[in-house]
Amino acid sequence: EAWAAQLGMLCRMSGAQRVAIAFRLTSLAREASRAGIRARHPDYAADEVQRAFFRMLHGDAITRRVWPDRELLAP
């Protein structure tokens, strides 16, 4: 029942509204991921949180290419 109501709302929205929701959900998911990294590693500075998040998204090989002389940080 809840799924049908949600689907009905989405169908009545314009494409721009659906895209705005997708961007907002992506932003919320990224912030939740960064918050999880901060909770697991309270000693990380802001740039370390960003590097750990980047590693989580892109993997070790790309992270090493972006920051070749920096250690890999655990997400």
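The values are calculated or read from the model by the stated rules, or taken from the named source; none is laboratory data. Quantities reported herein were computed from a predicted structural model and do not represent experimental measurements. Here the Cβ is made from the backbone with ideal geometry for all residues, glycine too, and neighbour counts use every protein chain on show. With ligands, DNA and RNA removed, areas are computed over all heavy atoms of the protein, side chains included. Shrake-Rupley method; radii C 1.70, N 1.55, O 1.52, S 1.80 Å.
Towards the positive end of the charge dipole of the chain, with charges on Cβ (+1 Lys, Arg; -1 Asp, Glu), say which of Leu72, Met13, Phe23 has the farthest Cα.
Farthest towards the positive end: Met13.
Using θ = phi - 60° and the Karplus form 6.51 cos²θ - 1.76 cosθ + 1.60, what ³J(HN,Hα) does each residue of segment 3-10 get, whole Hz, x for Gly and Pro?
Per residue, the Karplus-derived 3J(HN,Hα) values read 4, 5, 5, 5, 4, x, 5, 5 Hz.
Using the Cα centre of the chain as the reference point, and only Cβ charges (+1 on K/R, -1 on D/E), how large is the resulting charge dipole? Debye, rounded to the nearest 20.
Value, rounded to 20: 220 debye.
Work out from phi, with θ = phi - 60° and the Karplus expression 6.51 cos²θ - 1.76 cosθ + 1.60, the ³J(HN,Hα) of each residue of segment 15-27, listed in order in whole Hz, and give x for Gly and Pro.
Per residue, the Karplus-derived 3J(HN,Hα) values read x, 4, 5, 5, 5, 4, 5, 4, 5, 5, 5, 4, 4 Hz.
For Rg/Rh (Cα atoms, Kirkwood Rh), the listed values are (i) 1.09; (ii) 1.00; (iii) 1.19; which was obtained by calculation from the structure presented?
Read-out from the structure maps to (iii).
Which order do Ile37, Ile21 take when ranked by solvent-accessible area (1.4 Å probe, heavy atoms of all protein chains), largest first? Walk me through the numbers on the way to the answer.
Values: Ile37 0, Ile21 65 Å².
Highest to lowest solvent-accessible surface, that is Ile21, Ile37.
Which loop-located GluC sites (Glu not before Pro) does the chain contain, where loop means any DSSP state but H, G, I, E or B and the Cβ has at most 14 other Cβ atoms within 10 Å? If you can, show how the numbers build up before the last one.
Working: sites: Glu1, Glu31, Glu48, Glu71; in loops: Glu1, Glu71.
For GluC sites (Glu not before Pro) across the chain that sit outside H, G, I, E and B with at most 14 neighbouring Cβ atoms in 10 Å, the list reads Glu1, Glu71.
Taking Cα pairs under 8 Å and at least six residues apart, what relative contact order does the chain come out at, in percent?
Answer for the chain is 22 percent.
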